[in-house]
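The values are calculated or read from the model by the stated rules, or taken from the named source; none is laboratory data. Here the structure is a predicted model, which is why all the values come from computation and not from measurement. Counting neighbours? That spans all protein chains shown, and the Cβs are built from the backbone with ideal geometry, glycine included.
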Amino acid sequence: MIIDAHAHIMTTVHGTTARGPTRSLPWGRVRWGEETIQLLPPFNEATSFPAEALLAQMDWAGIDRAVLLQGPFYGEANAYVASAVARFPDRFVGAFAPDPLASDVKERFKQCVEDYGLRIVKFELTEPTGLTGLYPHLRIDAPEFEWIYKTAQREGLVITFDLGKIGSRPYQTDAVAAIAARYPELTIVIAHLAQPPIGESQNAELNKIWRQQILLGRKPNMFFDLSALPAYSRDYDEYPYQPAQDYIRRAAELIGAEKIMWGTDAPGLLTSGTYRQLLNYVRLHCDFLSEEEMAGVLGLNAQRVYWRGGKAN
């Protein structure tokens, strides 16, 4: 069983960020505020990545399942993600990304859980693309979040955080620790292996801050995914992404491989490597993992977190 614990789908990019709106342009490009970026490889004229495109990539690379996350950069896609899960229930589980300060957040939350059947709550906190860019003083342990955590614990939902770059405002390790302690039955995932300082691996202070967040994985209800690591090098990091492997090893030594889930952050990471390369740098090159640990990292850990009892949790 191989599971991509962090992927995205969209028919078009239509998000909202602190830098301005995001809109699809032809051939993999996206308009981001006043800037144009190459978000995807130039696969085709329409800059989109529908469910069928992800499935084709998964089948080509031998991936069984994927977790469909969301974020403000791509734009809200609750109904579309729900439809993908309904059409391919043996392949996908889906998330929604509520704005906790929106006036209709409780109605949207209820719709996503009860009508759409989405079982993961994703909070993208990063400054360039997420909630702290829109709300500079936002704290994830603020009162506006408490009803969400209570509901998620009661209903068995998973909370997935993208906490942004080390040292940035959303990198709120203390807040996550407090949430995990207050809600011990709430499963919490931190994306991108807490964004290790791969491009500044000799910086002792950054490594210390990263280590503090990784150590949250010693709590029984805390997990991490490995998505996007190849993209964190200061310069382009060629396959097999040795600097990323080094931080996976460090994390496994600190909290155990059973707390780590492989993921890609596709489609954005397809500019850093093919889908197979994003799998194989772990599967073929992280030889510090035992056979049992590798099976967990590649899929069984995500199955336990996101597909409890064999079903979407």
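Regarding R87, is this residue touching a strand residue (DSSP E or B) at 6+ places or on another chain (Cβ under 6 Å) and among the basic types (K, R)?
no
Between T129, T160, which is crowded, with 21+ Cβ neighbours inside 10 Å and either modelled with pLDDT under 95 or assigned to a helix (DSSP H, G or I) (or both)?
T129
Checking V105 against (1) over 19 Å from L186 (Cβ atoms); (2) without any contact (Cβ under 8 Å) to a residue 12 or more places away in the chain: exactly one of these is not met. Which one?
(1)
Looking only at segment 15-26, count every residue that is assigned to a loop (DSSP other than H, G, I, E, B) and in contact with a Phe, Trp or Tyr (Cβ under 8 Å, 6 or more places away or on another chain) and tell me the total.
Total meeting the criteria: 2.
Is it true that some residue in segment 52-59 is crowded, with 18+ Cβ neighbours inside 10 Å, in a strand (DSSP E or B) and touching a His at 6+ places or on another chain (Cβ under 9 Å)?
No - not one qualifying residue is present in segment 52-59.
Are there any pairs with C-beta distances below 6 angstrom linking a residue in segment 143-165 that is more than 18 Å from E124 (Cα to Cα) to a residue that is modelled with pLDDT of 95 or more, with the two at least 6 apart or on different chains, and if so which?
Here the result reads Q153/Y183; Q153/E185; Q153/L186, each pair linking segment 143-165 to a residue that is modelled with pLDDT of 95 or more.
Scan (1) modelled with pLDDT of 95 or more; (2) touching a strand residue (DSSP E or B) at 6+ places or on another chain (Cβ under 8 Å); (3) more than 18 Å from T160 (Cα to Cα) for the single condition Q70 breaks and write down its number.
Among (1) modelled with pLDDT of 95 or more; (2) touching a strand residue (DSSP E or B) at 6+ places or on another chain (Cβ under 8 Å); (3) more than 18 Å from T160 (Cα to Cα), the lone unmet condition for Q70 is (3).
Counting only residues that are of a type in the set (S, T, N, Q), out of contact with any Ser or Thr (no Cβ under 7 Å at 6 or more places or on another chain) and closer than 22 Å to I9 by Cβ, which one in segment 248-303 is surrounded by the most Cβ atoms within 10 Å (Cβ to Cβ)?
The residue in question is S272.
Out of the residues in segment 244-281 meeting the condition of being among the hydrophobic types (A, V, I, L, M, F, W, C) and farther than 25 Å from T129 by Cβ, tell me which one is farthest from the chain's Cα centre (by Cα).
L254
Being among the polar types (S, T, N, Q), on the phi < 0 side of the Ramachandran plot and under 20 Å from the mean Cα position of the chain (by Cα) narrows it down to one residue among T36, T47, T16; which is it?
Selected residue: T16, the only one of T36, T47, T16 that is among the polar types (S, T, N, Q), on the phi < 0 side of the Ramachandran plot and under 20 Å from the mean Cα position of the chain (by Cα).
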